[in-house]
Structure formats: structure tokens, C-alpha cells
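Reading through the C-alpha cells given below for one structure.
The values are calculated or read from the model by the stated rules, or taken from the named source; none is laboratory data. Please read all numbers here as calculations on a predicted model, not as lab measurements. Quick reminder, even Gly has a Cβ in these numbers, built from the backbone with ideal geometry, and neighbours come from all protein chains shown.
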Amino acid sequence: MEALKHAIDFSDFPRVDLFVAGSVALFLVLFPFFPHSSFAMATMIQFLMFSLYGMGWNTIGGYGGQVDLGKAQYVGIGAFTTAVMLIRWDIPFWISMPIGMLLAVTWSFIIGYPLFRLTGHYFAIATIATSLILKDLFEVWEFVGAARGLEILPFKYQSPDFLRLIFKEDVYYYYILLGFFFIGLLYVNWFRKSRLGFYLRSIKDNEDVARSLGINVHWAKIKTYAIATAFVSLVGSFHACYIKNIEPEDTMSLDLSILIALMAMLGGAGSLWGPIIGAGILLPLKSYLKEWFGAKAGLVGIDLIIYALIIMLISAFEPRGIWGIIEKIRQRRRR
Amino acid sequence: MDILFSSIIAGLLFGMVLALVSLGLTIIFGVMDIVNFAHGEFLMIGMYTGLLTSQVTGMDPLLGLPVAAAIGFGLGVLCYYGFIRYLLRGPMLAQLLGTFGLMLFLRNSALLVFGSEDRVVHHGVLVGKSFDLGMGVIIPATKLAAAGLSVAAFLATWLLMNRSRIGKALTATSLDAQGARYMGIPTEKMNALAWGVGGGTVTIAGAVLVNFWPVNPFVGLLFTMIAFTIVALGGFGSVPGAFFAGLVVGLITEIPGFWDFFTYTFDADWMLNVPMTSFKYMMVYVTYFVIMVIRPRGLFGWKH
Amino acid sequence: MKSMIRINVIFLCLLMLAGLFGPTSAVAADKVIKIGVIYPLTGGAAAAGRELRAGAELAAEIANGVFADLPMSMAKNEGVKSLGGARIELIFKDHEGNPTLGADLAKKLILDDKVDGILGSYHSSVTKTVSAVAEQYGVPMINGSSTSPALTKRGLKWFWRTTPHDRWFTKDLFELLVGLTEGKVQGVKAISKEEIMNLASACEKTEWGSHVSGLIDALAKEYGFKLKKSLLYAAKSTDLSSEVRSLKAAKPDVMLFASYASDAILMVKTLQAQKSQAKIIWGQDAGFEKPEFRDTLGDAIEGILTRTVFLPKVVEIKKLAGQVNAMYKAKTGNDLGGASARAFTGLQTWVHVLEEAGSTKPADIQKAANSIKISGDELVVPWSGIQFSTSGEEIGQNVLGSGLIGQYQKQADGTMGLEIVYPFDVSSADMIFPLAGF
């Protein structure tokens, strides 16, 4: 009960934030009622997925300051668990999703224990390495379809199938994901005020001081890593039902790992709204740049060049991301 | 027995090639603690430089080496003053992702300019030649040249770092940038120099490799990943470490060969069906992970 | 001041969100039939994508205009006659070789662009996801160039494939091997089976390659050959020397490959560097058939075999192919290849199906596609025609297709060109056997 009270308590934010957040939330709830193209809908679902990825990443990467570039392996665990269970044994999403989370978290404990003995760049590269190890393993594992991956055939199920999460219309996916989104947001809001959250921030500020204060640094990191993993694995399970085709090359790629960190970082790592802002700006930007310039003959790649320039600009001039810019403006005004 | 020999030799050779590719990364990291995701893209640019100089002038691609070195040096310095300098002020995460942006930028610019076709050098001293040393050991000329260059480049770098004034200034900058500044060392220039040299060595590597490997705008990333593991395995900033780690990784990529050796020696049929080649790169990462857990600073590392 | 900024921020946010709401649907102009075409226009397979696009565009051009001297029914009249001369409009989308993106684009084509049908998508993995979306929405899709056998084994009702699939092609190869032992191959005396007994294969490890690998394994058993080594490799490898050494160690007489673009080139270069001595090297199309492959490797590829469905020599046995090839060459500067000829045929099939259906209602199109029969004379590819199977294991597969095996040989002008060596009755040159070795 206490936890719930903390979770819905946003009172430490200025009122402007709450106003903006409230209107965005209202917009998100009402979005499907506006006339929209299916492309906009797909973009919105992507946005919600990456917000959730980002929220998960933000716990360990933002509040904890650990540069984790290996989240895609947990997307894979979640997605493959759900897909394998649905295809082989017809087990619905709502059962396979928690099992996927459990498996992912178990795996995160196994590799997290040695992983967090490393620091700095060694850690960052080790996270990439573990993710690629798992990807390569999945690529030869026949049980999960090896490199071919798995396909959920949507027409085998009667849409809308709320148990297995197979729908023809994207709007169902949208609302289910939106539900996860709000729960995730409340959870992170609770997390940042929890004891573990405080531990992490002190670890981020200065690990030695944190240790001297009696915090079990290693254990705190591993626990938070598991929380981040659970988030990512959940979206992975959702991904399997939404995309309906998963391949290690696609679902567990390095690109995805980096994109997760990138969105959160550019939005503002270590703040509650950061990952959402990051995903909300970068994803539509990427999709629409591709839509406008992507297939133009003679200008192949121009969309990604622009996208890359924006990434470079933000990371060079405002490493705290878009949220950092907002804070800066605020501070200047306060003075 | 032939398989064993040829695998060991090929592994060592390829290891030296990989070490050459990683040298630039280790220099840059040694001086300013930044991991460069765009490293493979520099390699790609070097490959295109070698290719284009030979195509435009009709000369041997090896004569493109100085051109590639100049372009790599220039590009490195340009990247430093235009971008990396600002990046250095931010936290490590922003640095990593910033260079990731640089990677996307370079890769897609190459795509825009050159298109996505694979291109190959047709004529040249090294192209299509290989030496048969007997015992089943066949060495492609390109790899031999790249390996020789690798040894030379590592020796030169090691001498530069330890024997010359500039090298000492670089080392001082890497040990304590602020202290070095107080001692009158122009650290900005030192950083730019490191980027120039780092870029130059990897573009040279590219210009040699293009004699054998086809080039397209996407070749970079896998090389980057392997270079990362090599540099981290050797210990960030350690020049000899990178060389030995390169050899280790080279030998690991030849594990399928060793596996074959045992398969045929013991005539074990079940071993034939194990997809060892699919595990090639995984083994590199596993080795990295295991060694890191045992020695969290890498084989020769002193920085963190 | 403070409120001004706040309002500005909110305004900006709203502006950004407004970007999300595109127009829901463009008003369809009359007499236009929209076909969504999903090809890899950027990314690793962009070169193939360009060929595919040019092939489909040429077919649309011919369908929309009158070309009296072309002996094709779609060249006779402007647009689709039974639909009142409606023109074919192609909407191209770029999937970058990414299955997830492909599915997204398919949805977009169906819901936003309201296409009447879909053509695509080259990579078997992408075709898999795109066809699943088309099936879900009941939009017909014709596939001209993906060859994974699994695609037509899923019981889809809205998916038709014109190209023969890998089982056919791999079978052709074994027929050729058997032909060698029986002396059926032009220019080669019968050899004993022992000489080509041992096979080894290396295939890229995604959807397409791993299926081919399985097929080679199964067919080798069926035809009584020994598959000594079969390995899968990552197409994005930095180096293939350990793979090649592993193949070499198996001492095969015949080496079989399924490779995409850059890995095919690297593979052959590595084989060359390692002085590999196989008597036959055979590639399963894709990388082995690309213009780049020929251009970059030059003389080194003499004697290498590749399966394909179209090669320039077909021009000599089919007049129509020659005419279309000339048009294609005028448009792009290249000869028709396996990719472009199949894209052409894919769109041509669409035109025929629409002509037959006389409407753009999905149900009518479905009925027309299931009953269509296009004669081989209409096609540029050397098939006996197009007719889709409607029952049995493989629903929607064209049963009248066939493959070719070509061999790179030096042409009179000194360049490398493909000569037909299989089927035996249309072979255009003596087969080089055994391979000279590098």
C-alpha cells in the first residue's frame, strides 16, 4: 500500500511537468479516436515499445550510471519464450510472458554476477559481448528455429484473441501496450524513490563512498539489472505477438541494444521522463525521415545521415539529453 | 597434421591483420579514454581509398597506401576538432553513443556516395597471389603483406610511444591530462594527433585489406566489434597488449580448423556434424568474457 | 515571458504530434490499379533491389502502353482491358532486408495506400512476414523471386509464387551430376560416379541458406551421393578462411554454395587463395549470379556453375526474351538477369490475373489467380507457363516453372558469360569439366 502511494505520488515535479505529462497521457489514451494512418499507429506502438525499453534501461543505465549495451538479449529471451510456447504448446501470452520474464531474470543473475565485477568500458563491451553470445547460440539452436527464427501465423487464430494477443487491428495492441506503459511509469516512479533507487544514485555519484556507507554495491547493481531485464523481456514477449516473426538477427541484434540506450540517453538518462521524451522524438523522426527521403532514388541513406547528425549534435552539446536542455532553461530562468 | 599447421599459421596471420585494424583504436583509447564505434568505418574509408586510387590512376592499390594514410590522418584530426573535442566533456555513455552517431554518419555517407555494391580491386601485385609453403599451408599474399605491415606498425608505434618526445607527451597526456597541461604539453594537439595517427593506421590497414576483401559501406561494424574485443582483451591503451590479443583472437577464429584436425585424427563422425563455423565469433566473445572476469583490466591493462 | 515559453513549448509539442496524422487515404483516381511493391532498395541487397525495380517497372511500362511487335498479350493494349484500360501504378517500398520492416510496410500499403495487391519481396525471410500480413488482411500477393520452399507450404490462400523454388533447383543440380555419369552432358564423356561422389556444402545461415543446406543433405541421400561436410556460415563474416579450410579438409569433388552478395565474392576469392581443387563448384543463384560477382572476380570464375531462371543465352532460344532484353538494356544498360527477369514475370502475372479477374475485388482476384493459365510463349523466362497449384502440399506454387544451370565461360569478346549446361536439350555450349582449379 505504501509502495502504491509512492508510485502514484508525482508531487516532487513542478506543476508544468505534470500538466504536460497529463496532456500527453490524455492524448495517448485518445489517440486511436483521431483519424490516423496505419503508419502513424505503427509509429505510436513503436514509440510505446521503446519508451518501455527505455524505462527499463533507465533503471540500471540512467539511475545507476552503468553503460549497458546488451539489452537485446533479453528482448530475445522474452520474445522466443512467448513464441515457442504459443507455437508448440498453444500457451497464451499471459502465462508465457511471466515465464519469459523469469527466464530472462534468471539469465541476468547468471551473467550479472561476473559482469558487474567489470567497470567502465570493459563493462560496456562485455554487455555487448554477452548479448552477441546469446544471439549466436540462438542462431544454431534448432528448438527455437535456429537462424530462421519463428513465425506466428496470425490467420490460425480468431482475431481478436485476447488470451494469445493475436489481433488484426493494431488498436488492441496499442491499448494493451499503453496499459503496460502506465504501469511501467508508475513502477519506475516508485523505484526512483525506493531504497534501491537511492543506493543506485549514490553508487552513480561515487562508488567508493557508497561502499563505505555500507551499501552492497555489487548486489544492488545486479538487482537493478534484473529489474531492467524484466521490463525489456516483457516488451520482448509483446514484440513476438505484435511482429509475429522473430529472428535472432533481428530481435537480438546489436543495433537494437544500442537503439535502446540511445533513445534513453538522448531523452535524458536518469530522469523519469527522459526515455519517454527520447523515444517520442527520435522514433517518429526516424520513421518519417525514412518515409520522406528513404526510397528516393539517388539519395539512398540521406535519412540516416540526418538522423546521425542529430545524434551527434545532442551527444556532443547536451550529453544529458533533451531533458538536460529543459532543465538548463529552467535553471537559467530561476536565476 | 596439415590442417593443424595451416590453421595455426592462418590464425596467427589473421590475428596480426586484426591487430593492425585494432591499433588505431588502442592508440586513441590510450590517450583519451574514448571508445570509437566509428573505427570500422575508418577502415571502410581506407578500403575505398585504396580501391579508388587504383581505379582512377590505374596504379597498384598498394600505392594508395600513402594517400589512405593522409586521408585517414586528415579525417581523424577533422573528427577530433569538429566533433570529438566536444564529446569529451560528456559522460562515457554520451561518448559511446556519439561515436555511434559518427559511425552511422560515415557509413551512410559512403552509401550515398559509393552505393551499396560490393567492389573489389582487380589488378595489383597482391591480388590473387598466394604462396604455397607445403604441408598444406597456403598464405594469401594480401594477408602476408597486412601481417608484415602490422608488425612494422606496432614496432613503430611502440618506439614512438616510448622513445620519442612526442610519444612521451602522448603518454603523459594519457596518464594525467591536467597535469600534462600544467607541464606545458599542448594536450589538445596531442589528442588531435592521437586521432590522426589512429585514423591513419586503420585507413592504411583498409588500403591493404582491399586487395583481398570486397568492400561495401557495411563492412565496418563486424571489424569494429572484433577490434573492441581485441583492445579490451589486451587491456585498454596497451599497445603490446593489443598485438597479443589480436593473435589470441586470430587463433580463436581458427578453432573450426582445430576441430577438423581432431575430427579427422580420431575419425569421429559425430564431430563432423557440430556446426563449429557458426560458433566462430561467439567463441571470441566468450573468451573475452571469461578473461575479463578473471582479469578485469585485460591481459596487459593498467587503465580502467 | 514565462508563460510565453510554456505556450511555445506546448505549441511545438502539438505541432510534432500533428505530424503523426497524415491524410488517412488518398482519394483513388479512376482507372488506376495500385500494386504495392516491396523490395530491398537500400541496405546490403540494394543492387539486387535496383534490378528488381527496373524489371517490375519495365513490365508496368509494357502493360500500360502498346508495343505491337511484342508477342505478349499485355503489350497489345493500354492498361488492363477488362478493367476499362485501367493503368498499373507501382508503389515502391524499401524493406532493407529487414522482415519486421517488411511487415510494417505491408500494413502501410494495405491500410494507407489501399493497394489492390502486393508484389515482392526477394529475401525469403521478408516474403514470409509480408505474406503473413497480406493473408491476415485478405490482400492478394504474388511473389516472383523468393525461393525458400517453406513459403508455399503454409497453406496461405492469398499468396502465389511464380518462381520455382529451391527444391527444384537443387534437384536440377543432382540431375546434372547424374547426367555427368551417364554421358548426357554436352562435351563431357561419361565419368564414373566415384569421381564426383563426395560433396561438401557451405550455405549462409538464415532462412534461405539453411533450407538449401537441408535440401542438399536430403537430395544427396536420395541420389546416392556422399555429403562429406555441410556447414552454415554468417553472411556478414569478416573472413571465410576457416570455412574454406574446413571444406577443403573434407576433400570434396563437388562444392555447393548458397551465398548472398559479398559473401559469395569473398568465398570464391578465398577458395582461389587457398588453391582449392574441386571438380565442380555450384552456387545457388543469388550472389553467384549478380553482375557484381562477374565484374569483380573476372577470369577467376571460369567454370563455376550457378542455377538461375534466366541468363542472356535464353535470348537465343526465345525471341521474346531478346526483345524484352533489348528494352531492358536500353533502360538500364545491363542485360536481364535472374532477379530482373523474375520481377518482370511477377508483375506480368499480376497483369494477367487482373485481366482475368476483370475487377479489383480481392475475391475475384483470388479466383482468377487460382484458375489462371499463362502459356510459356508469353514469358521471357524459359518456363512452360504459369499455373498455380490449388491443392496438395504446396498451395499457390507455380507448377510449370523450371530452372537452368549456367556455367561461366569465356565469351568471344573476352568477357565472362553464362552458358546453359542444363537442361541438356537446351544447352548452349560444352560444359567445362573438371574445373581447371585456381
Scanning the stretch A:212-231 for residues that are assigned to a helix (DSSP H, G or I) and without any contact (Cβ under 8 Å) to a residue 12 or more places away in the chain, the one farthest from A:Met97 (Cα to Cα) turns out to be A:Ser212
Cβ pairs under 9 Å, 6+ apart or interchain, first in the stretch A:124-148 and under 24 Å from B:Phe100 (Cβ atoms) and more than 7 Å from chain B (Cβ to nearest Cβ), second among the basic types (Lys, Arg) and buried (at least 22 other Cβ atoms within 10 Å of the Cβ), ordered by first then second residue, are A:Thr127/A:Lys71; A:Ser131/A:Lys71
Taking C:Glu51 as the residue in question, decide whether it is surrounded by fewer than 20 Cβ atoms within 10 Å (Cβ to Cβ), of a type outside the set (A, V, I, L, M, F, W, C) and either at pLDDT below 85 or not in a loop (DSSP other than H, G, I, E, B) (or both). no
For the stretch B:248-294, the count of residues that are within 7 Å of another protein chain (Cβ to nearest Cβ) and outside any helix (DSSP H, G or I) equals 2
A careful count of residues in the stretch A:306-335 that are surrounded by fewer than 22 Cβ atoms within 10 Å (Cβ to Cβ) and either touching a strand residue (DSSP E or B) at 6+ places or on another chain (Cβ under 8 Å) or among the aromatic types (Phe, Trp, Tyr) (or both) gives 2
Across (1) in a loop (DSSP other than H, G, I, E, B); (2) touching a Leu at 6+ places or on another chain (Cβ under 7 Å), B:His123 clears everything bar (2)
Taking the stretch A:169-206 and keeping residues touching a helix residue (DSSP H, G or I) at 6+ places or on another chain (Cβ under 6 Å) and either among the polar types (S, T, N, Q) or free of Cβ contacts under 8 Å to residues at least 24 places away in the same chain (or both) leaves A:Asn189, A:Tyr199, A:Ser202
Over the stretch A:1-24, the set of residues in a helix (DSSP H, G or I), away from chain C (no Cβ under 13 Å) and within 21 Å of A:Leu177 (Cα to Cα) is A:Leu4, A:Ala7
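Quick grid of which residues meet (1) out of contact with any helix residue (DSSP H, G or I) (no Cβ under 9 Å at 6 or more places or on another chain); (2) within 14 Å of chain A (Cβ to nearest Cβ); (3) farther than 19 Å from A:Gly145 by Cα:
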residue	(1), (2), (3)
C:Lys184	no, no, yes
C:Ala200	no, no, yes
C:Thr206	no, yes, no
C:Asp217	yes, yes, no
C:Lys226	no, no, yes
C:Lys248	no, no, yes
| task | Check whether at least one residue in the stretch A:108-123 is more than 14 Å from chain B (Cβ to nearest Cβ), out of contact with any Pro (no Cβ under 7 Å at 6 or more places or on another chain) and either under 30 Å from C:Lys153 (Cα atoms) or surrounded by 18 or more Cβ atoms within 10 Å (Cβ to Cβ) (or both), and report yes or no. | result | yes
Pairs returned, first residue in the stretch A:232-254 that is under 13 Å from A:Glu151 (Cβ atoms), second residue that is buried (at least 24 other Cβ atoms within 10 Å of the Cβ) and polar (S, T, N, Q), beta-carbon separation under 6 angstrom, 6 or more apart or interchain, are A:Ala240/A:Thr82; A:Asn245/C:Thr129
For the stretch B:188-199, pairs from a residue that is at pLDDT below 90 to a residue that is surrounded by fewer than 24 Cβ atoms within 10 Å (Cβ to Cβ) and not in a helix (DSSP H, G or I), with Cβ under 9 Å and 6 or more apart or across chains, are B:Asn191/B:Leu88
ask   = Hey, any hits in the stretch C:135-157 for a residue that's touching a Leu at 6+ places or on another chain (Cβ under 6 Å) and within 14 Å of chain A (Cβ to nearest Cβ)?
value = yes
Taking the stretch A:292-306 and the residues there that are within 20 Å of A:Ala40 (Cα to Cα) and more than 9 Å from every other protein chain (Cβ to nearest Cβ), the one that is modelled with the lowest pLDDT would be A:Phe293
Filter the stretch B:213-228 for residues that are within 12 Å of chain C (Cβ to nearest Cβ) and part of a helix (DSSP H, G or I); the one that is surrounded by the most Cβ atoms within 10 Å (Cβ to Cβ) is B:Ala227
Q: Evaluate the following for C:Leu297: is it within 14 Å of chain B (Cβ to nearest Cβ), among the hydrophobic types (A, V, I, L, M, F, W, C) and more than 19 Å from the chain's Cα centre (by Cα)?
A: yes
B:Met92 vs (1) of a type in the set (A, V, I, L, M, F, W, C); (2) facing chain A (nearest Cβ under 7 Å); (3) touching a Leu at 6+ places or on another chain (Cβ under 9 Å): all pass except (3)
Is it true that C:Val27 is modelled with pLDDT of 75 or more, closer than 19 Å to C:Arg87 by Cα and not basic (Lys, Arg)? no
Note on the stretch B:111-132: residues touching a residue at least 60 places away in the same chain (Cβ under 8 Å), more than 8 Å from every other protein chain (Cβ to nearest Cβ) and either within 14 Å of C:Lys269 (Cα to Cα) or touching a strand residue (DSSP E or B) at 6+ places or on another chain (Cβ under 9 Å) (or both) are B:Phe114, B:Val121, B:His123, B:Leu126, B:Val127
Of (1) more than 16 Å from B:Gly148 (Cβ to Cβ); (2) over 13 Å from the mean Cα position of the chain (by Cα); (3) touching a residue at least 40 places away in the same chain (Cβ under 8 Å); (4) in a helix (DSSP H, G or I), B:Phe42 satisfies every one except (2)
The number of residues in the stretch C:82-101 that are under 22 Å from C:Lys236 (Cβ atoms), facing chain A (nearest Cβ under 9 Å) and touching a helix residue (DSSP H, G or I) at 6+ places or on another chain (Cβ under 6 Å) is 2
The helices (runs of 4 or more DSSP H) lying wholly within the stretch B:130-192 that contain at least 1 residues that are closer than 19 Å to B:Gly24 by Cα are B:141-163, B:165-175
